[in-house]
Amino acid sequence: MGITYRSMPAILLRYCCSVITLWLGLCVLIVPAQAQSQPHNICEPRLITVEVAQAVGEPLSPPPEDGWHTTTLPDKNWASRWPAYRGNAWYKLQWQNPNCDNQPLALHISSLGVAGAVFLNHSLLWRDANLSEPLSRSIGVPRYWVLPDALLKPGLNTVWIWVSGATTQFTGLQYIELGTLPTVLATQRAAWWQNQALLLLNLGVTGVLGTLAFFIWLRRRNEQSYGLYALQALLWVLYCSLQLRHETGPLFSDSLQFSRVNILLFLSFILSFSLFVWSFGNYTHIKRLCIAAIVLFTLASPAVLLASSTAVPLVLLGVFFIALIVFWSTCLLFPVRAWRNKQTEQIWLSLCLLSYFATSVHDTLTILGLSSSVHLYSAYTSLLTMLFMSALLSWRLVNTMRRIEQFNKELTHSVAEAREELRDTLARKHELALNNSRLQERLHIAQDLHDGLGSSLIRSMAMIEQQKTPLPNQQFLSILKLLRDDLRQLIDAGASAKLDVPELPSTWIAPLRYRFGNLFDSLDIKADWVIAPQWEPRPSPLQILALTRLVEEALTNVVKHSRATHLNIALQQPDDHTLQLIIEDNGIGFDVDAVQTAGLSIGMRSMANRMQHIGATLHVQSRPGHTCLEVLLPLNTTSAK
C-alpha cells in the first residue's frame, strides 16, 4: 500500500512523538546519573600536576627529559604555546595513590585529539590502532580504564598520555577523571551520552525525518521546503557520520583530506539549511538564493581542496567563519521577516532560529577557547530543533490538507448548486423546445392549409364565379370531393416520407395540370407546360410534397393577383443532380423587396420556408409584365430512398 497525502502528517507526527519519548526516556535514565553527587571518599586519588612537552621521534618514543610545561585541563590550544608546531606531544599526570585496598581505581579521558595512547607508570594501558597518518580518531570518544593493582605504586604515580596531533584538527587533551570506579563510571556515562549517544540519536532521528520529508516532496514537487529539508537532513547525517568515525582511513588518506571534506560538508549543510528556512518562509527570491548558494559553494570547493598544507588551516578557518556568517544572518534576518508577516508558523520557526543562534555563538566561543564554558550545547539543541522543524512541516502539511478538504467541500457544494441550476435551465430549455415545437407544428399546419386547402378553395371559388348559371348538384359535389381529397392529403402530410414518388415527372404534375387547366381556360389564361421526361435521380417524397405545395401556391397567386394572360410552367434538369422549376407570367407584377421586408405575405413566407427545409433555393423576380419564380433543388443518390 502506498503512502497517501492524508497518512503523511500522521506518520510524521507519530515518528516525532516516538523520538521525543525516547529522548526524554534517555534523559530520565542518564541525566540523574550525571547530577548525582558522589559522596566524599577519602580513597579518592589526588591529582598533583599536569605537564606537557613536545614529543620527539617516532610514535610512542620515550618522553623527553626537558621541555615540560605545566598546564591545566582541558588543554587544546597548542598554537598559543608552540606556534607553527605540527607534531605530537606527551602529557605527564602525577597523582597521589590513597592506598585503599577495598576500592578499585579508574581513569577516565573525555577526549583526546587526534589519536593517542595511555600508560600507567610506563606500562601500556591502551593505544589507538594508528598513531601516524592515517590517524585513528579519538576526538569526542570518552574512554575509561580500571587501573590494575599490579601497576600501582604506593604514593606518587604517573599517567603518561601520548597525543598524535594534526594541523587541521583541535589537538590536545580534554578532561580526565581519576577516582574510584563508581565515580569514574558516572562521569563516563555522562560523557558518552553527550559526545556519542546523543549524536547517534540525532543522526537516526534526522535520517528518519529527512526520509519522510523526501517522500512527501516526491509526491508534492511544488512543496520546495520539504525537498530542502530532506537535503539538509541528508547533509547533516553525513556530517554527523563523519564525526562518529573512529578511523581516518581507508576512506581518507590523511587527516588533512578528512578536514577538507568535513568543512565542505559543514558549509553545504549550512547553505541548504538557510535555503530551507527561506523556502519555509515563502521568500519570493528563493531561486536567487539558490544560485548564490551554488556560486558560494563552487568558489569555496576549489579553495579548500587545492589549498597547500601550510595554507589549509587558514582556508578552513575562513570557510568556517563564512558558514557561520551565513547561518547567523539567516537566524537573525528571518525573525524580522516573520515578525512583519505575522504568520504563526514563521514566528515559531523564528524562535527556534534564535535559540540556534545563541547556542552556536556559545559553542563557537567554546571551541575557539574564548569562553570559560566547557560544554557544547549543539548536540542537544540540534536534535530538539530538528524535531521542532519537522513538527512545523507536519503542521503546514496538515493545514494544507485541511484547506484542500475545505476546498473539496466548497467545490462539492458549488457543483451541487451548478447541477441544480443546470437542471432548472435544462427544464426551462425543454419547455421552450416543446413550445417551439408546438409553434412550428402550428406554422406547418397553417402553411399546409394555406398552400393546399386554401388554393383549392380559391380555385373552386374562381370556377363558381365564372359560371353564369347555378352549378348542378353533381358538379358541386365534385368540387366538394376535390376539397375533401386536399384535406385528406393535408392530414396525411405527417407520413410524407412513406408516400410513393411518381415514376415520371409528368405523372406527378398531371393532377395539378388538370385542376388548374380548366380554371385557366375559363379565365382566358394560356398555360404552357414543359415537363422533363423522367427523374434523374428521383427526388424524395418530402421534396415532391414541398414542390407540389409551392406550385399550388404559385398558381393560386397567378389566379388571384397577377391578371396575367399567359403562363409558363417548366420542370427541367439542367444536370444530373439539379432539378429546376420555373413559373412565369405576364401579369402586373409586384414589389418583391417590399413584400419580403414587410413579411405580410403568408404565401411567400411559406414557399421560402418549404424550399429551405428541403435544401432548395428560391429566386423571385417581378416587374410589370413579367414575374418569374425559379426553384433549384439539388438531388443526390439518396433521394430515391
For the range 499-519, which residues satisfy the criterion of being in a helix (DSSP H, G or I), out of contact with any strand residue (DSSP E or B) (no Cβ under 8 Å at 6 or more places or on another chain) and at pLDDT below 85?
Pro511, Leu512, Tyr514, Arg515, Asn518, Leu519
Cross-chain or 6+ apart pairs with Cβ under 7 Å, the range 53-81 first and not assigned by TED's automatic domain parsing to the domain that holds Val163, then outside any loop (DSSP other than H, G, I, E, B)
none
Considering only the range 329-372, state which residues are in contact with a helix residue (DSSP H, G or I) (Cβ under 7 Å, 6 or more places away or on another chain), assigned to a helix (DSSP H, G or I) and within 22 Å of Phe170 (Cα to Cα).
Thr359, Ser360, Asp363, Thr364
Would you check which residues across the range 74-88 are touching a helix residue (DSSP H, G or I) at 6+ places or on another chain (Cβ under 7 Å) and crowded, with 17+ Cβ neighbours inside 10 Å and list them?
none
Condition met for Ala570 (surrounded by 14 or more Cβ atoms within 10 Å (Cβ to Cβ), in contact with an Asp or Glu (Cβ under 7 Å, 6 or more places away or on another chain), of a type in the set (Gly, Ala, Ser) and modelled with pLDDT of 85 or more):
no
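Condition first: outside the structural domain of Asp128 (by TED's automatic domain parsing), of a type outside the set (Lys, Arg) and touching a residue at least 40 places away in the same chain (Cβ under 8 Å). Can you find one or more residues in the range 282-293 that meet it?
Yes, the range 282-293 has at least one match.
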Residues in the range 250-258: is at least one closer than 30 Å to Glu65 by Cα, modelled with pLDDT under 90 and in the same structural domain as Val50 (by TED's automatic domain parsing)?
no
Unique match (being under 20 Å from Ser279 (Cβ atoms) and out of contact with any Pro (no Cβ under 7 Å at 6 or more places or on another chain)) among Arg403, Arg419, Arg428
Arg403
Ile531: touching a His at 6+ places or on another chain (Cβ under 8 Å), β-branched (Val, Ile, Thr) and either buried (at least 17 other Cβ atoms within 10 Å of the Cβ) or within 12 Å of Leu579 (Cβ to Cβ) (or both), yes or no?
no
With (1) within 21 Å of Thr187 (Cβ to Cβ); (2) surrounded by fewer than 17 Cβ atoms within 10 Å (Cβ to Cβ) as the list, and His122 as the residue in question, which single condition is left unmet?
(1)
Could you list, in sequence order, all residues of the range 574-614 that are surrounded by fewer than 14 Cβ atoms within 10 Å (Cβ to Cβ) and under 60 Å from the mean Cα position of the chain (by Cα)?
Gln612, His613
Which of the numbered conditions does Thr381 fail, given that it passes all the others? Conditions: (1) of a type outside the set (Phe, Trp, Tyr); (2) surrounded by 11 or more Cβ atoms within 10 Å (Cβ to Cβ); (3) free of Cβ contacts under 8 Å to residues at least 12 places away in the same chain; (4) touching a Ser or Thr at 6+ places or on another chain (Cβ under 9 Å).
(3)
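The values are calculated or read from the model by the stated rules, or taken from the named source; none is laboratory data. Because the structure is predicted, anything quoted here is derived from the model rather than measured. Here Cβ is always computed from backbone atoms with ideal geometry, including for glycine, and neighbour counts include all displayed protein chains.
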